[in-house]
1. G167 is checked against (1) in a strand (DSSP E or B); (2) at positive phi and fails just one. What number does that condition carry?
2. Restricting the first residue to the range 227-238 and requiring it to be closer than 16 Å to R136 by Cβ, which pairs with a second residue that is in a helix (DSSP H, G or I) meet a Cβ separation below 8 Å and a spacing of at least six or different chains?
3. In the range 42-58, which residue that is more than 21 Å from the chain's Cα centre (by Cα) and under 15 Å from Y122 (Cβ atoms) is nearest to ligand 3 (Cβ to nearest atom)?
4. Mind checking whether some residue in the range 181-199 is away from ligand 3 (no atom under 16 Å from the Cβ) and assigned to a helix (DSSP H, G or I)?
5. Conditions: (1) touching a residue at least 40 places away in the same chain (Cβ under 8 Å); (2) in contact with a strand residue (DSSP E or B) (Cβ under 6 Å, 6 or more places away or on another chain). R150 meets all but one. Number of the miss?
6. Sort out which residues of the range 1-53 are among the polar types (S, T, N, Q) and under 24 Å from R136 (Cα atoms), and write them in order of number.
7. Do you know which residues across the range 148-200 are among the acidic types (D, E) and touching a helix residue (DSSP H, G or I) at 6+ places or on another chain (Cβ under 6 Å)?
8. Let me confirm something: among I13, I23, which residue is within 15 Å of ligand 2 (Cβ to nearest atom), among the β-branched types (V, I, T) and either more than 22 Å from the chain's Cα centre (by Cα) or surrounded by 14 or more Cβ atoms within 10 Å (Cβ to Cβ) (or both)?
Amino acid sequence: MSQSLNPMLNTAIKAARAAGAIINRASLDLDRVTVTAKSHNDFVTEVDQAAEAAVIDVLLQAYPGHAILAEESGRSRGAKDSEYLWIIDPLDGTTNFIHGFPVYAVSIALAHRGQVQQAVVYDPARNDLFYASKGRGAFLNDKRLRVSKRTRLLESLIGTGFPFRKGDNFKRYLKMFEEVMQHCAGLRRPGAAALDLCYVAAGWYDGFFETGLNPWDIAAGSLMVTEAGGLIGNFTGESDFLYQREIVAGNPKIYGQLVNLLTPYTKVIKDDEPKASHAAATATAVAAPADATEAFIATASAAASAEATAPVAAPAAPKKPPVRVRKPAAPVKGKPAGGPRR
Ligand code: IPD
Ligand code: CA
Ligand code: CA
């Protein structure tokens, strides 16, 4: 199978399988895995770290001049100024892994000048390999992937991720959840965003949305979606999602319907908006892809604290404010409180 693949994709597959072997071995004796909390509810194990080191070793051995952005070690390894950036989540779904819930994956993407060109998501519990090269389709093992053909959101199965970190805006999420829940056939939250996007590519989900994700959670999965004929973007339906901490994906019809529901909840700040006047400006990615990575790293923690303090209602209006969740109206007897403006 791999003979005809792009050499960089082949290297990524080799790296993902090396990490998968480490994860599978550790899964046999979870009691011996040491768990450390990075923050409340956000865990890392020595398996994440060993898997990440294995991935980076394989990648840098083949491409020593490339840059690396990895969840656990950041940009500490690899070149600093390459046009090629490997974006790595060595174990997506760590909480599942710790509990022996077999939904987790290794996620590796290669971006060239900010565009994801190669992608691998490896599910070691099932030995399922999702991979894609830009312009050459997305595959699960040897099978070509296509997004679903469903056209009605009301009949659709939608994936999502729940907020779980201290400081996440739970109220905002619950409003989105309520909104989407009422307009679809079912919502699922397995717990590994990289796989969630592969499930959209495979047509198992018709759509997906989540907030608070990092580039390593979604870079590889995003190429699977587009190469399988799907669409992916931020809550206003634009392509600027990798560093924006809000993502929606789906087959083209369902993507449009999800965007319609989620646009009121966007936190993306446009380049022509006065950033300084808005707390969430710290979360803004810039247009130039290389800078976007730097901006993301520099502002990730500031963005997290802005999210932690962001109110549910609109803050003081910037020149062109993003649509905010409206403060719910006082419930009228016998009627539910009003939802966000659409
Ligand atoms: C997590 C998973 C999860 C998502 C979280 C991520 P991790 O990744 O992708 O589905 O909801 O936001 O942090 O921490 O297990 O690599
Ligand atoms: Ca992750
Ligand atoms: Ca991870």
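The values are calculated or read from the model by the stated rules, or taken from the named source; none is laboratory data. If you're wondering where the values come from, they're calculated on a predicted model, not measured in any experiment. Don't worry about glycine lacking a Cβ; one is built from the backbone with ideal geometry, like all the others, and counts go over all protein chains shown.
1. Answer for G167: the failing condition is (1).
2. E227/A201; A228/V200; A228/A201; G229/P252; G230/V200; G230/A201; G230/P252; G230/Y255
3. A54
4. Checked against the condition, which is being away from ligand 3 (no atom under 16 Å from the Cβ) and assigned to a helix (DSSP H, G or I), the range 181-199 yields at least one hit.
5. It fails just one condition, (2).
6. S2, Q3, S4, N6, N10, T11, listed by residue number.
7. Passing the criteria: only E179.
8. None of the other options fit; the residue is I23.
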